[in-house]
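I have placed the structure first, in the form of structure tokens, so that the comments after it can refer back to it.
The values are calculated or read from the model by the stated rules, or taken from the named source; none is laboratory data. Every value quoted in this text rests on a predicted model; they were computed, and no experiment measured them. Cβ sites come from the backbone with ideal geometry, for glycine too, and all protein chains shown count toward neighbours. Note: accessible area is taken over every heavy atom of the protein model, side chains too, but ligands, DNA and RNA are not part of it. Shrake-Rupley method; radii C 1.70, N 1.55, O 1.52, S 1.80 Å.
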Amino acid sequence: MSERIQAPRGTFDVLPQEEAARDGLARAAQRILGAAGYQRLETPIFEATELFARGVGEATDIVRKEMYTFDDGGGRSVTLRPEGTAPVCRAYVEHGMHKLAQPVKLWYLGPFFRREAPQKGRYRQFFQVGAEALGSEDPAVDAEIILLVAELFEALRIHTRLRLSSLGSPEARAAYREQLVAFLRAHSDALSADVRERIELNPLRAFDAKDRGTQAVMAEAPRLFGAITPEDREHFDTVTAMLDDAGLTWERDETLVRGLDYYTRTVFEFESPDLGAQSGVGGGGRYDGLVEALGGPATPGVGFAAGIERMLLAAAQQPDAPPDVDLYVALAKPQYAREGMRIATEVRQAGLNAQVELAGRSLKGQLKHADRLHARYVAILGDEGAQLKDMDSGEQHEMETGAVPAAVLRGERPV
Ligand code: AMP
């Protein structure tokens, strides 16, 4: 025997019994985002590496160590997409969407790739649903996006806590950055090696550090929120007033920084108390400089992304149970296979779910199988016609084989 080949670490198969929940989630996203005017956009799984280097930021963990990057065979460097915002912005520019009525509202769902250490809720290939609204600075767009994410989570019965902050405009952030670098340098002895090495490169990430020493230092660090301009503050206050109007609970968290460099002003994260270490279910924010950094016209934008696997883990109840089997057609003898097929087909054409024995099992085996499928009715085709059994009540009726579909339909659709 040859050695068994396994799926790569950090990847997973989506098994048939898991598809229904995923479909339910995709339908909920389509319904909720579609109702607010978001249209689905699909971008390629791989993009020019430069898109993420520039779009996500050279200093980020994602670009520094988590991307699957390779030569496409023609001397060009391509990367499996680690996130969805930069690709959507690229598509916006490439298709001249700035000429459309603004904001352009787009949503997506698909696989993303990051070389992270795998653990529960953290994979190397994972799925995200996300949305981006491009072309408006209006705080109402930020509020709308946040409310839509909240609605999506609520529809899926996912309990979350919303943290919110403002990273201000790039100017305020640049000035603050100097201040933070000076503070970190003054306390460098107490910082973790990783944070110390990145004081210049990405000082804001120190707020996200997991080690106690760094956390103790950061508790005293100057906060960006205190350095934002009055205009940034007004923008933030309008966003939060709209969330309040909608009755959404939120908390301000001045230490909230996100793993991607492009954010300006609003940043937010939804966490689920039902998840372990990987508690972030979704997050996002505003990125007013990103489209321009990618070579497009100056265009503000705001968006979110949420992890499908984490949403499924956090869902108190899965969005959709596997489809019911309304009728299972069992065959007392194999010679009734054609009649069985006709009945199952007729019932399916009438809009119900029906299955027919396909594996040559004994009658006992067939009834056991029907039980496992939780079939509502079982029809046994035999020499005397059909016996139709209502599996809920246990009632059993003999009838002509041809009468089975009508009896099932009557039973399933009470008048
Ligand atoms: P981010 O793009 O990093 O803001 O991530 C947005 C959301 O995607 C997170 O809140 C997670 O739900 C999900 N996510 C990010 N990275 C992973 C991963 N490696 N595995 C599974 N889900 C992830």
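Things worth noting here:
- Identity of the residue in the range 38-52, open to solvent by 40 Å² or more (accessible area, probe 1.4 Å) and not aliphatic (A, V, I, L, M), that ends up farthest from ARG310 (Cα to Cα): GLU50
- Filter pass, GLU58 being in a loop (DSSP other than H, G, I, E, B), at pLDDT below 95, open to solvent by 60 Å² or more (accessible area, probe 1.4 Å) and more than 27 Å from ALA101 (Cβ to Cβ): yes
- Subset of the range 255-282 [surrounded by 24 or more Cβ atoms within 10 Å (Cβ to Cβ) and closer than 29 Å to ASP13 by Cβ]: LEU260, PHE270, VAL281, GLY282
- Screening LYS65 on (1) over 19 Å from GLN128 (Cα atoms); (2) outside the structural domain of ALA140 (by TED's automatic domain parsing) shows it passes everything except condition (2).
- Residue in the range 210-217 that is outside any strand (DSSP E or B) and touching a residue at least 40 places away in the same chain (Cβ under 8 Å) present: no
- Checklist (1) assigned by TED's automatic domain parsing to the domain that holds GLN119; (2) not in a loop (DSSP other than H, G, I, E, B) applied to ASP274, failing item: (2)
- Exactly one residue out of ILE32, ILE5 is surrounded by fewer than 16 Cβ atoms within 10 Å (Cβ to Cβ) and out of contact with any Pro (no Cβ under 6 Å at 6 or more places or on another chain), and it is ILE5.
- Given (1) acidic (Asp, Glu); (2) modelled with pLDDT of 95 or more; (3) surrounded by fewer than 17 Cβ atoms within 10 Å (Cβ to Cβ), index of the condition GLU154 fails: (2)
- When the criteria are applied in full, ARG124 fails the requirement of being in contact with an Asp or Glu (Cβ under 6 Å, 6 or more places away or on another chain), within 16 Å of the ligand (Cβ to nearest atom), open to solvent by 10 Å² or more (accessible area, probe 1.4 Å) and farther than 22 Å from TYR263 by Cβ.
- Residues of the range 92-113 classified as touching a residue at least 40 places away in the same chain (Cβ under 8 Å), hydrophobic (A, V, I, L, M, F, W, C) and either within 16 Å of the ligand (Cβ to nearest atom) or buried (at least 20 other Cβ atoms within 10 Å of the Cβ) (or both), total: 4
- Spans of helices (runs of 4 or more DSSP H) in the range 287-352 with at least 2 residues at pLDDT 95 or above, away from the ligand (no atom under 16 Å from the Cβ) and crowded, with 18+ Cβ neighbours inside 10 Å: 337-349
Residue by residue, here is whether (1) within 13 Å of the ligand (Cβ to nearest atom); (2) in a helix (DSSP H, G or I); (3) touching a residue at least 60 places away in the same chain (Cβ under 8 Å); (4) of a type in the set (D, E, K, R) holds:
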site	(1), (2), (3), (4)
GLU47	no, no, no, yes
PHE52	yes, yes, no, no
ARG64	no, yes, no, yes
GLY74	no, no, no, no
VAL78	no, no, no, no
VAL88	yes, yes, yes, no
GLU137	no, no, yes, yes
LEU147	no, yes, yes, no
ALA150	no, yes, yes, no
